[in-house]
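See structure below.
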Amino acid sequence: MLESAHARTSVLESALRSRAWKRKLRAKPTLVEEWLEQQPRVVEALEHAKRRAEREAWPESLPLMRVLRELDACSKRLAPLVRRRLSRHAFVSGPIALATELRRLDTLAKQRVSQTLEEGEVLLFQTQRSGSVPVRQTPLRWSSLALALLGVSALIYFLPVDGRPVGGWLLMALLVVPMVMMLLRSGWLTLTSERLMWSPVFGEAVSVPLSSIAQGGVQVSKLYSLKVDGMPGVTVPYLVESNLVATLLELHTQAPLRGLARSGVRLENAVLYPATLREDGQGRSGWAVLRPGGVSFVPNGQGPQALATVLGRPSAIQAEVNWVLDSLRWLPDSELDGVLARVVEATGGVSWSAWETSRRGDVPLWKRLTLSHGHRVLSGQVEWSSLGATEKVLGFWPEGGGHPK
């Protein structure tokens, strides 16, 4: 029994130490369950053999003693190895529960990620693609390219003359390494109403159900890395849209927006557009939301406060105002105005009733939408794709600030 247990434990340890540990566990689908099933008897047999060896003074050169030593050492190495693997995919703490954590690891390894959206699954965000290489518009990417060009210039300058050493090759190597490291860790990210999918260029795809992401389980660290603590957990490196994705995750995994995107329907009678509010000769830039009952304005720089107001708790995510306001369009029509009013109040914005607001009609809508409320003027440009919805919303407004139609 001990010899077979030693062989089984060695195979399990070897599989878990491999970079392709998931694939190796899938190739042996019964390995973990067999190991767990036999482990209680193996532990008992191992302790019995140790006591007998000590009582009978077995020589160290005995083949069975070698098996005992190696099995004991292998078993001790297995627990921290399992914890280390699992901690990269899920939050774990406290004493190591080997059997439980090994089962979780085996379950993770056998989960296959489908890149195809399921029926009823709504796409919320997706990084761009360019052939087989992801387009990652990050400062690090562009700075690396700039440094590479500098390196080429330096290489030409330092070309050997009369047999002198070449300094440019070393410089080029130092510049190319960061680019290679970025490529090796790049990939594609997709966020849907049900899950977050990360598909690295090298390695296996990871799918994190939104329902498994707890409050506070989304973080953005240095170099635009997005860390999501779910089941499994995932870290997406070098993602310039990390704060945007983090904002969407915060909103769609918590009330009041949790699960609402599954409908696939967003309000068309809430038009979001960039605008400037002018008052007493001063202007504030921000975002306006045009509604049948009026217009609301939230100034730029208030994204974190807007996000915290919607969630009902503070958030460390550096959100932008338009990301939060655009996401509110997933709310039911009956709830949007109430949430929007709280955001406006918390961010120092303004809300004007349609019955108290006048529209400047001498400028075509496709050029600019200008609204006035007393001595204050709100002016902005609506996107071309939103002109139809804007005209419909304004159709509910009274002409010249009078009574509604």
From the residues in the stretch 87-96 that are among the small types (Gly, Ala, Ser) and over 18 Å from residue 13 (Cβ atoms), which one is surrounded by the most Cβ atoms within 10 Å (Cβ to Cβ)?
90
Tell me, which residue of the stretch 215-245 that is under 13 Å from residue 195 (Cα atoms) and aliphatic (A, V, I, L, M) is modelled with the lowest pLDDT?
231
Criterion (at pLDDT 95 or above, assigned by TED's automatic domain parsing to the domain that holds residue 284 and either in contact with a strand residue (DSSP E or B) (Cβ under 8 Å, 6 or more places away or on another chain) or closer than 28 Å to residue 256 by Cα (or both)) met by exactly one of 397, 352:
352
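Can you tell me which residue is nearest to residue 327 (Cα to Cα) among those in the stretch 271-291 that are in contact (Cβ under 8 Å) with a residue 40 or more places away in the chain and of a type outside the set (A, V, I, L, M, F, W, C)? If you could, list the steps in order and put the result at the bottom.
Start the filter on the stretch 271-291 by keeping residues that are in contact (Cβ under 8 Å) with a residue 40 or more places away in the chain, which leaves 271-280, 286, 288-291.
Imposing the further condition that a residue be of a type outside the set (A, V, I, L, M, F, W, C) reduces the set to 273-274, 276, 278-280, 286, 291.
Values: 273: 13, 274: 15, 276: 21, 278: 26, 279: 28, 280: 32, 286: 16, 291: 15 Å.
In this case the residue turns out to be 273.
Each row is one residue, and each column tells you yes or no for (1) surrounded by 15 or more Cβ atoms within 10 Å (Cβ to Cβ); (2) hydroxyl-bearing (Ser, Thr, Tyr); (3) modelled with pLDDT under 85; (4) not in a loop (DSSP other than H, G, I, E, B).
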| position | (1), (2), (3), (4) |
| --- | --- |
| 102 | yes, no, no, yes |
| 105 | yes, no, no, yes |
| 116 | no, yes, yes, no |
| 120 | no, no, no, no |
| 124 | yes, no, no, yes |
| 137 | no, no, yes, no |
| 140 | yes, no, yes, yes |
| 147 | yes, no, yes, yes |
Which residues, counting only those in the stretch 331-386, are more than 29 Å from the chain's Cα centre (by Cα), without any contact (Cβ under 8 Å) to a residue 12 or more places away in the chain and more than 24 Å from residue 309 (Cβ to Cβ)?
361, 362, 363, 364, 370, 374
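Quick one: how many residues across the stretch 69-100 are part of a helix (DSSP H, G or I) and either under 18 Å from residue 42 (Cβ atoms) or without any contact (Cβ under 8 Å) to a residue 12 or more places away in the chain (or both)?
Pass one, the stretch 69-100, residues part of a helix (DSSP H, G or I): 69-87, 98-100.
Subset that is either under 18 Å from residue 42 (Cβ atoms) or without any contact (Cβ under 8 Å) to a residue 12 or more places away in the chain (or both): 69-79, 81-82, 84, 87, 98-100.
The total comes to 18.
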For the stretch 7-25, check the following and say yes or no: at least one residue is at pLDDT below 85, assigned to a helix (DSSP H, G or I) and buried (at least 17 other Cβ atoms within 10 Å of the Cβ).
no
Screening 311, 378, 340 for residues that are closer than 25 Å to residue 396 by Cβ, in contact with a helix residue (DSSP H, G or I) (Cβ under 7 Å, 6 or more places away or on another chain) and surrounded by 15 or more Cβ atoms within 10 Å (Cβ to Cβ) leaves only 340
For the stretch 272-289, indicate whether the set of residues that are out of contact with any Leu (no Cβ under 6 Å at 6 or more places or on another chain), over 23 Å from residue 126 (Cβ atoms) and of a type in the set (Val, Ile, Thr) is non-empty.
yes
Every residue from the stretch 290-302 that is crowded, with 24+ Cβ neighbours inside 10 Å and either within 27 Å of the chain's Cα centre (by Cα) or farther than 15 Å from residue 328 by Cα (or both)
298
With the requirement that a residue be modelled with pLDDT of 95 or more and under 10 Å from residue 251 (Cβ atoms), what does the stretch 298-325 give you?
307, 310, 311, 317, 319, 323, 324
Against the definition (of a type outside the set (D, E, K, R), touching a strand residue (DSSP E or B) at 6+ places or on another chain (Cβ under 9 Å) and in a strand (DSSP E or B)), how does residue 239 come out, yes or no?
no
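The values are calculated or read from the model by the stated rules, or taken from the named source; none is laboratory data. Just so it is clear, the structure is predicted and the values come from calculations on it, not from any experiment. Heads up, the Cβs are rebuilt from the backbone with ideal geometry, glycines too, and the neighbour counts pull from every protein chain shown.
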